[in-house]
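J.: My structure is below; once you've seen it, I'll send some questions.
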Amino acid sequence: MIYLSLFGLAFIAATLLPASSELALSGLVVKQQGELVWLWLAATTGNLLGSCVNYYLGWFIAKWRDKRWFPVSQQQYDKACGLFNRYGKFSLLFAWLPIVGDPLTVVAGSLRTSFGWFFVLVALGKGARYALVIYLALQVIS
């Protein structure tokens, strides 16, 4: 149940909804609840799949950009696309960053970035981030 809860929290944290999977993961590590590999895998997989949802939302975003209710102006959208194009697909290694990470995954989808590249780069970045969270939490208890 611990792993499923962490997976769900990490999934939600990867969407545009606020959640702190890092805090939950570090708490579980400090309290020594669960196997480290499974905690890492649950958090990484949940967060990666949440980013995939963002990617597919971005894939279909173009048809709604001109609607009044659309939450981002055309200028903001163009700026985000310009930045993504400037730094390229390898910027997806930073999809774990607060504030910019979630929109980055949406823009990658809207620009039709190869899903294979998207998946690998986002997985590497998020996996490394959760490995670092576990490492730092272990330093607290040692």
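The values are calculated or read from the model by the stated rules, or taken from the named source; none is laboratory data. Not measured: the values here are computed from a predicted model. Here the Cβ positions follow ideal geometry from the backbone for every residue, glycine too, while neighbour counts run over all protein chains shown. To get the accessible areas, we keep the full protein, side chains included, count just its heavy atoms, and leave off ligands, DNA and RNA. Shrake-Rupley method; radii C 1.70, N 1.55, O 1.52, S 1.80 Å.
J.: State whether the residues of the stretch 90-106 include one that is modelled with pLDDT of 90 or more and exposed (fewer than 12 other Cβ atoms within 10 Å of the Cβ).
T.: Yes, some residue in the stretch 90-106 is modelled with pLDDT of 90 or more and exposed (fewer than 12 other Cβ atoms within 10 Å of the Cβ).
J.: Now a separate question. Please list, ordered by first then second residue, the pairs with beta carbon atoms under 6 Å, 6 or more apart or interchain, first in the stretch 7-31 and closer than 13 Å to W96 by Cα and touching a residue at least 40 places away in the same chain (Cβ under 8 Å), second assigned to a helix (DSSP H, G or I) and hydroxyl-bearing (S, T, Y).
T.: A10/S21; A14/S51
J.: Now a separate question. Is it the case that I141 is at pLDDT below 90 and among the aliphatic types (A, V, I, L, M)?
T.: yes
J.: List the residue pairs whose Cβ atoms are under 6 Å apart, where the first residue sits in the stretch 99-125 and is more than 13 Å from L49 (Cα to Cα) and among the hydroxyl-bearing types (S, T, Y), the second is surrounded by 19 or more Cβ atoms within 10 Å (Cβ to Cβ) and modelled with pLDDT under 95, and the two are 6 or more positions apart or on different chains.
T.: Partner pairs satisfying both residue conditions: S110/G58.
J.: Okay, next question. What single numbered condition from (1) within 17 Å of the chain's Cα centre (by Cα); (2) aliphatic (A, V, I, L, M); (3) in a helix (DSSP H, G or I); (4) under 27 Å from G34 (Cα atoms) fails to hold for L104?
T.: So L104 meets the others, but not (4).
J.: Another question about this same structure. Any residue at all in the stretch 57-75 that's at pLDDT below 95, part of a helix (DSSP H, G or I), open to solvent by 50 Å² or more (accessible area, probe 1.4 Å) and among the aromatic types (F, W, Y)?
T.: yes
J.: Would you pick out the residues in the stretch 4-35 that are polar (S, T, N, Q), open to solvent by less than 60 Å² (accessible area, probe 1.4 Å) and under 15 Å from V133 (Cα atoms)?
T.: Result: S20, S21, S26.
J.: Of the residues A43, A62, only one is in contact (Cβ under 8 Å) with a residue 40 or more places away in the chain and either touching a Phe, Trp or Tyr at 6+ places or on another chain (Cβ under 8 Å) or within 25 Å of Y3 (Cβ to Cβ) (or both); which?
T.: Checking each option against the conditions leaves just A43.
J.: Also, quick follow-up: How many of the residues making up the stretch 3-29 are β-branched (V, I, T), modelled with pLDDT under 95 and farther than 21 Å from F119 by Cβ?
T.: Total satisfying the criteria: 0.
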